[in-house]
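Asker: One structure, as structure tokens, below. Some questions next.
The values are calculated or read from the model by the stated rules, or taken from the named source; none is laboratory data. This one's a predicted model, so the numbers in the text were calculated from it and none came from an experiment. Virtual Cβ from ideal backbone geometry, glycine too; neighbours counted across all protein chains shown. For accessibility, only protein heavy atoms count, side chains too; no ligands or nucleic acids. Shrake-Rupley method; radii C 1.70, N 1.55, O 1.52, S 1.80 Å.
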Amino acid sequence: MTTPEDALQQSRAAYEEHARTCRQCHFDRSPCAVSKLLLRAYNNARRAQSRAGSAVG
């Protein structure tokens, strides 16, 4: 099972890799639809990690 920390790191890596390699995102400086979806996944993972951290403490 993936931990919230693993999900956060994976989604961040996917978003950053896409932003570096996508022509529209990197060269045109305009986020494409894929970039928006990856960023949404990253934000959701970040929220899940935050909730998991607050439930423990």
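Asker: Rolling a 1.4 Å sphere over the protein heavy atoms, what is the accessible area per residue of the chain, to the nearest Å²?
Answerer: Each residue of the chain exposes 77 Å² on average to a 1.4 Å probe.
Asker: Still on this model: Kindly rank 37-43, 18-24, 2-8 from highest to lowest mean number of other beta carbons found within 10 Å of each residue.
Answerer: Descending mean neighbour count gives 37-43, 2-8, 18-24.
Asker: Roughly to the nearest percent, how much of the accessible area of the chain is carbon and sulfur, given a 1.4 Å probe?
Answerer: 54 percent
Asker: For ASP6 and CYS32 in the same chain, what is the full-extension length gain: residue separation times 0.36 nm, less their Cα-Cα distance, in nm?
Answerer: 6.9 nm
Asker: Out of these labelled values of Cα extents along the principal axes in Å, (i) 87, 9, 5; (ii) 43, 16, 14; (iii) 24, 19, 18, which was calculated from the coordinates shown here?
Answerer: The value computed from this structure is option (ii).
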